[in-house]
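Scroll down for the structure; my scribbles are underneath it.
Since every read-out is calculated from the coordinates, none of them should be taken as a lab result. Please read these numbers as outputs of a predicted model, since none were measured by experiment. Here the Cβ is made from the backbone with ideal geometry for all residues, glycine too, and neighbour counts use every protein chain on show.
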Ligand code: NI
């Protein structure tokens with residue numbers, strides 16, 4: 001693979017839908033051929049535990065102890081470990097489409113990979129991505145979420161609450177109120193009964209803003225559910241209202257310990 005030229009554009013109606021609802025689903029972001037080659041790259045990264053020692057591979061929804069099988073393994077910046085991930089039709093098309101949605105100054109903000117193993121009972125609870133980030137900034141960012149196989153309600157497709165991108169960041173906490181767990185969940189009542197499920201073919205995509213409430217269910221199938229996510233954003237703006245995300249101030253994850261240990265080794 002080498003740097004690819006984009007070949008997709010959104011229609012005016014699609015752009016309007018995105019700004020009204022805070023998300024959009026696309027049946028095609030890349031080719032079946034590319035999806036197949038990405039599957040093997042993806043599986044290899046998890047099999048060789050790429051990034052584990054420096055805290056970039058960890059259990060998203062569990063306590064991530066050494067020697068325990070992860071419930072939902074995640075890799076941050078997988079393209080750092082496998083540069084071919086960045087040289088795809090997928091990324092070229094995603095970047096082009098995001099510029100239509102956010103403006104020409106939208107820049108690459110990194111990638112990650114979230115694997116739901118076969119028969120994973122673990123949902124990824126309702127949350128807003130901005131709840132993970134710096135509370136002193138306002139973001140104009142999206143995540144492009146690409147399943148590397150067909151994904152259905154039964155296997156853990158994305159769900160969104162239409163219009164929730166217009167909310168402030170709601171109160172969150174670590175999953176199960178356990179600060180050893182990386183993943184966040186909503187910590188206040190919010191009516192998600194209007195949520196929309198987005199089943200997709202392999203190589204399709206959903207795109208959502210950083211405040212759009214979203215969720216994925218368990219994987220009730222015998223095959224892995226691979227999601228590859230690329231993020232893009234305009235320049236964040238500093239806030240002056242002293243916003244705080246206390247759920248991040250009390251985090252104590254094994255991932256952060258490994259990150260600190262690896263930084264000490266390098267110093
Ligand atoms: Ni998310």
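Cα-based radius of gyration for the range 173-226, normalised by 2.2 N^0.38 Å, reads 1.39. Restricting the calculation to alpha carbons of the range 82-140 gives Rg and Dmax of 15.1, 41 angstrom. Size of the chain from its Cα atoms: along the principal axes, largest to smallest, the extents are 46, 44, 40 Å.
Between residue 48 and residue 264, the simple label model (points 7 Å from Cα in the Cβ direction) yields a spacing of 2.8 nm. Scaled to the globular estimate 2.2 N^0.38 Å, the Cα spread of the range 128-220, given as radius of gyration, is 1.11. When shorter helices are ignored and each DSSP H run of at least 4 residues is given -39500 (n - 2.57), the per-residue value for the chain at 222 nm works out to -6500 deg cm²/dmol. For the range 42-115, pairs of C-alpha atoms spaced more than 15 angstrom apart make up 59 percent of the total. Each of residue 244 and residue 36 was given a label point 7 Å from its Cα along the Cα-to-Cβ line. The distance between the two points is 5.5 nm.
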